[in-house]
Amino acid sequence: MAQNTFDKKEQSNKEQNHAGPIYIGLGANLPSGNLSPADTLRAAITAMEEAGFRLVRRSSFWTSPAWPDPSDPPYVNAVIEVETAQGPDEILQRLHAIEAEFGRQRSVRNAPRPLDLDLIDCRGLIREAPGPVLPHPRMAERAFVLCPLAEIAPDWTHPKSGRALDSLIAALPSADLSATRLLQNN
């Protein structure tokens with residue numbers, strides 16, 4: 001038992017000290033209080049900075065249809081690069097706390113929401129459950145993640161598959177790509 005605790009601490013130390021960027025995906029398709037989805041993303045970035053994340057880069061805002069029900073309001077999405085000394089477990093806990101501050105309630109998967117914060121890539125780590133799965137397990141299938149990521153990290157490579165970002169984007173269905181567009185008045 002003591003060995004297992006030591007192994008977890010050792011893993012946590014490696015994850016915190018691993019060099020590399022941290023990418024977080026942001027999305028919203030419902031208002032948060034009196035904030036529009038785009039204003040919610042702006043306010044969430046400020047909340048992340050107040051929670052100890054240092055903003056390095058921010059993509060433009062993009063819009064994409066809601067999924068799985070495109071009759072739901074469309075999403076506003078972005079990707080940011082941040083720096084923090086925290087490990088992935090602590091990062092995800094903070095992201096969930098910020099989501100809750102903006103009214104996110106985890107009920108039905110893929111339900112409309114005022115804020116969604118996803119840990120996309122954390123220093124190139126590859127992890128399976130328990131804890132956050134890294135890189136995000138569905139990111140390579142999502143134009144609303146890959147297109148904003150390409151703005152701020154065009155040379156990024158998927159840590160697990162080794163595929164270049166432009167290759168991942170090229171493999172997306174053309175309907176997804178054409179439906180994911182830059183939001184005017186970023």
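The values are calculated or read from the model by the stated rules, or taken from the named source; none is laboratory data. Predicted, not measured: the structure shown is a model, and the values here were computed from it. Positions of Cβ are generated from backbone atoms using ideal geometry, with glycine treated the same way; all protein chains shown enter the neighbour counts.
For this structure, a couple of remarks:
- Residue count for the stretch 87-141 under the criterion of being without any contact (Cβ under 8 Å) to a residue 12 or more places away in the chain and within 15 Å of the chain's Cα centre (by Cα): the result is 5.
- Of all residues in the stretch 150-186, those satisfying the criterion of being more than 16 Å from H136 (Cα to Cα), at pLDDT 95 or above, outside any helix (DSSP H, G or I) and more than 17 Å from the chain's Cα centre (by Cα) are D155, A171, L172, P173, R181, L182.
- Members of the stretch 172-181 found to be touching a residue at least 12 places away in the same chain (Cβ under 8 Å) and out of contact with any Asp or Glu (no Cβ under 9 Å at 6 or more places or on another chain), listed by number: L177, A179, T180, R181
- Selection of first residues in the stretch 26-47 that are within 19 Å of W67 (Cβ to Cβ) and among the basic types (K, R) and of second residues that are surrounded by 15 or more Cβ atoms within 10 Å (Cβ to Cβ) and at pLDDT below 95, restricted to Cβ pairs under 6 Å at least 6 apart or on distinct chains, gives an empty result.
- Some residue of the stretch 138-156 being buried (at least 20 other Cβ atoms within 10 Å of the Cβ), in contact with a Lys or Arg (Cβ under 6 Å, 6 or more places away or on another chain) and closer than 18 Å to V79 by Cβ: no
- Count of residues meeting criterion [touching a Pro at 6+ places or on another chain (Cβ under 9 Å), crowded, with 21+ Cβ neighbours inside 10 Å and within 15 Å of L134 (Cα to Cα)] in the stretch 78-97: 2
- Of all residues making up the stretch 103-126, the number that are under 13 Å from P88 (Cβ atoms), touching a Leu at 6+ places or on another chain (Cβ under 7 Å) and among the basic types (K, R): 0
- The criterion of at least 1 residues that are closer than 18 Å to I22 by Cβ and at pLDDT 95 or above is met, among strands (runs of 3 or more DSSP E) falling completely within the stretch 32-141, by 54-58, 75-83, 116-122.
- Exclusive hit being surrounded by fewer than 13 Cβ atoms within 10 Å (Cβ to Cβ) and out of contact with any helix residue (DSSP H, G or I) (no Cβ under 8 Å at 6 or more places or on another chain), set P130, P135, P159: P130
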